[in-house]
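Trainee: Take a look at this one; I'll ask things after.
The values are calculated or read from the model by the stated rules, or taken from the named source; none is laboratory data. Everything quoted here is computed from the prediction, not taken from an experiment. Here Cβ is always computed from backbone atoms with ideal geometry, including for glycine, and neighbour counts include all displayed protein chains. Keep in mind that these areas ignore ligands, DNA and RNA; they rest on the heavy atoms of the full protein, side chains included. Shrake-Rupley method; radii C 1.70, N 1.55, O 1.52, S 1.80 Å.
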Amino acid sequence: MKRFIMMVALATLVGSAAFSASNTYTSSATVFTNDADDFIDVNAWQSTAESTEKLFAYGLFKSANLDFGVAKKFGSVYAGLYFNGYIPQLYFGKNGDITTFQNLGSSFNPKLLLGFGNLGLRFEASLVPNSWENNNGTTKTTTNYTDTTLTFMAGYNLPLGNVKLTPHAGIAYRFGKHSTVSETAGVTTTTFIGSSYDFLNFNLGTGVEFDQSAPVTQSFAFDVYGIFCFYPTELSKVGNEVTSRQDLYRNNISMTPAYNVTYDVSDNFALGFKASLPVWFDSYKILAGGPDTFAFGIGMNANLGIQFRPTEKITINGGAGFNLGNLLYLTSTSNSSNFRLFPESMSASLVTGFAYAFTPKVILDTTFNILTTTATGTTTSLKGIWEGDIGLSLILKL
């Protein structure tokens, strides 16, 4: 059975929330992947380039969500283009003298990957523009919310006999501007909501792939992430006069070792396991006048996946994922400290799906979230297939 391994599943993004993830990846609890995961990855793009003669195309079908990509080779240069976003939800209403306009739920996340030789370069942007406007005839209030991320990432594949190294690095700048502007009798009051921010993110890491032709394949990955957040000093203005200030910050460094293994039991059945052990350090001041805080934590994630091919056209995926949250958690301030050895929250999920090959080059890929449960303290939440959590996508390899 053809197997796919996501070598840098935890490291393909720096600062961006939206990414290409196939339904095979989702329905096997992130253990197995296909070209919909690889075509825009700075290391894995070579797999799509080698298996596509003319054009690769991918599309995910979900309510109000746009998720599609294309890839093509131009001589020795490979180009992949991906877009993810939500269709804007516009609302206009009038009740007496009060008029309301809203632009909610929209987001745009384009990516461009260029690959040549063993090098992959990816450029991407993410924009989330939302706004509200209310006018009661006396006061006009406009709330603007924008969240923008600009990211550059590079990856290089270095074959060393039966081992391949996949180093990668990325940097991102993210800035959010959340403000409310009120106009009354010619006087403008501007309030910068506390969630305004500037982020500088980075990612350094590598994957180590062992012989991929053996029935048992193994891989390791290690990544370091950094997030440095700066909040606005000025909180509010009346005209040009600053009336409120703050001094907040947040810095986070995390290190994530990960291990993947797959086993081809037969030509029609495969098992997979992956685990990661994130370790993080956090320093922050998130409340005006509050203390400076240092925090340290160790978490754990484990996933099991299966693939079964009853016929040449159908591949059934299944998986279970477990997130144990922070196994160890420590916080310390100038006047208090807290230590916890057991997880404060845990989650588990059970997923399935299937891929149907109309032809070897036209594939329908599906996922069904059977059950997701999250436990936090004394609260437990359930989400499952009864809520319509279903994904459909189409893959074309021409």
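Trainee: Out of region 275-289, which residues are of a type in the set (Asp, Glu) and outside any strand (DSSP E or B)?
Mentor: So the first thing to find is which residues in region 275-289 are of a type in the set (Asp, Glu), and the list is 282.
Those that are of a type in the set (Asp, Glu) and outside any strand (DSSP E or B): none in region 275-289.
Trainee: Would you check if residue 56 is among the aromatic types (Phe, Trp, Tyr), over 27 Å from residue 349 (Cβ atoms) and modelled with pLDDT under 80?
Mentor: Details: among the aromatic types (Phe, Trp, Tyr): yes; over 27 Å from residue 349 (Cβ atoms): yes; modelled with pLDDT under 80: no.
It is false that residue 56 is among the aromatic types (Phe, Trp, Tyr), over 27 Å from residue 349 (Cβ atoms) and modelled with pLDDT under 80.
Trainee: Counting only residues that are more than 30 Å from residue 215 (Cα to Cα), assigned to a strand (DSSP E or B), modelled with pLDDT of 65 or more and open to solvent by less than 40 Å² (accessible area, probe 1.4 Å), how many does region 229-261 have?
Mentor: Residues meeting the conditions: 3.
Trainee: Let me ask another. Consider residue 338 against the criteria (1) more than 23 Å from residue 368 (Cα to Cα); (2) assigned to a strand (DSSP E or B); (3) within 25 Å of the chain's Cα centre (by Cα): it satisfies all of them except one. Which criterion is unmet?
Mentor: The number of the failed condition is (3).
Trainee: Among the candidates 90, 13, which residue alone is at pLDDT below 90 and crowded, with 18+ Cβ neighbours inside 10 Å? It would help to see each step written out before you state the result.
Mentor: Values: 90 fails: crowded, with 18+ Cβ neighbours inside 10 Å.
One residue alone meets the criteria, 13.
Trainee: Further question: For region 278-303, give me the residue count where each residue is more than 20 Å from the chain's Cα centre (by Cα), open to solvent by 30 Å² or more (accessible area, probe 1.4 Å) and touching a residue at least 24 places away in the same chain (Cβ under 8 Å).
Mentor: To start, the set of residues in region 278-303 that are more than 20 Å from the chain's Cα centre (by Cα) comprises 281-298.
Pick out the ones that are also open to solvent by 30 Å² or more (accessible area, probe 1.4 Å) and you get 281, 283-289, 291-292, 294, 296, 298.
Filter once more, so that each one left must be touching a residue at least 24 places away in the same chain (Cβ under 8 Å): 281, 283-288, 291-292, 294, 296, 298.
Adding up the residues that qualify gives 12.
Trainee: Filter region 331-368 down to residues that are open to solvent by 60 Å² or more (accessible area, probe 1.4 Å) and of a type in the set (A, V, I, L, M, F, W, C) and give me whichever is modelled with the lowest pLDDT.
Mentor: Looking at residues that are open to solvent by 60 Å² or more (accessible area, probe 1.4 Å) and of a type in the set (A, V, I, L, M, F, W, C), I get 342.
Trainee: Please find, within region 312-330, the residue that is least open to solvent (accessible area, probe 1.4 Å) out of those that are at pLDDT 95 or above and over 27 Å from the mean Cα position of the chain (by Cα).
Mentor: 314
Trainee: Please go through region 132-178 and give me each residue that is assigned to a loop (DSSP other than H, G, I, E, B), surrounded by 15 or more Cβ atoms within 10 Å (Cβ to Cβ) and touching a Phe, Trp or Tyr at 6+ places or on another chain (Cβ under 8 Å), ordered by number. Spell out how you get there, then give the answer.
Mentor: Pass one, region 132-178, residues assigned to a loop (DSSP other than H, G, I, E, B): 136-138, 157, 161-162, 166-167.
Retained after the next criterion (residues that are surrounded by 15 or more Cβ atoms within 10 Å (Cβ to Cβ)): 157, 166-167.
Selection gives 166, 167.
Trainee: Next up: Give the residue, chosen from 264, 292, 282, that is within 24 Å of residue 363 (Cβ to Cβ) and either acidic (Asp, Glu) or at pLDDT below 95 (or both).
Mentor: Working: 292 fails: within 24 Å of residue 363 (Cβ to Cβ); 282 fails: within 24 Å of residue 363 (Cβ to Cβ).
Exactly one residue qualifies, and that residue is 264.
Trainee: Follow-up. Restrict the check to region 190-200 and report whether at least one residue is in contact with a Phe, Trp or Tyr (Cβ under 7 Å, 6 or more places away or on another chain), at pLDDT 75 or above and surrounded by fewer than 15 Cβ atoms within 10 Å (Cβ to Cβ).
Mentor: yes
Residue-wise test of (1) in a loop (DSSP other than H, G, I, E, B); (2) touching an Asp or Glu at 6+ places or on another chain (Cβ under 8 Å); (3) closer than 24 Å to residue 25 by Cα.
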position: 291; (1), (2), (3): yes, no, no
position: 307; (1), (2), (3): no, no, yes
position: 312; (1), (2), (3): yes, no, yes
position: 316; (1), (2), (3): no, no, yes
position: 324; (1), (2), (3): no, no, yes
position: 329; (1), (2), (3): no, yes, no
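Trainee: Further, regarding this structure: Scan region 26-50 for residues that are open to solvent by 50 Å² or more (accessible area, probe 1.4 Å) and over 26 Å from residue 304 (Cα atoms) and jot them down.
Mentor: Of everything in region 26-50, just one residue is open to solvent by 50 Å² or more (accessible area, probe 1.4 Å) and over 26 Å from residue 304 (Cα atoms), namely 50.
Trainee: Here's something else I'd like to know. Please specify each residue of region 51-83 satisfying the condition of being closer than 16 Å to residue 392 by Cα, touching a helix residue (DSSP H, G or I) at 6+ places or on another chain (Cβ under 8 Å) and not aromatic (Phe, Trp, Tyr).
Mentor: Selection gives 60, 69.
Trainee: So which of 47, 76, 27, 51 is of a type in the set (Gly, Ala, Ser) and modelled with pLDDT under 90? I'd like the intermediate steps shown before the answer.
Mentor: Details: 47 fails: modelled with pLDDT under 90; 76 fails: modelled with pLDDT under 90; 27 fails: modelled with pLDDT under 90.
Sole residue among the options that is of a type in the set (Gly, Ala, Ser) and modelled with pLDDT under 90: 51.
Trainee: So, residue 276, is that one of a type in the set (S, T, N, Q), out of contact with any Asp or Glu (no Cβ under 7 Å at 6 or more places or on another chain) and at pLDDT 95 or above or not?
Mentor: Numbers: of a type in the set (S, T, N, Q): yes; out of contact with any Asp or Glu (no Cβ under 7 Å at 6 or more places or on another chain): yes; at pLDDT 95 or above: yes.
Yes.
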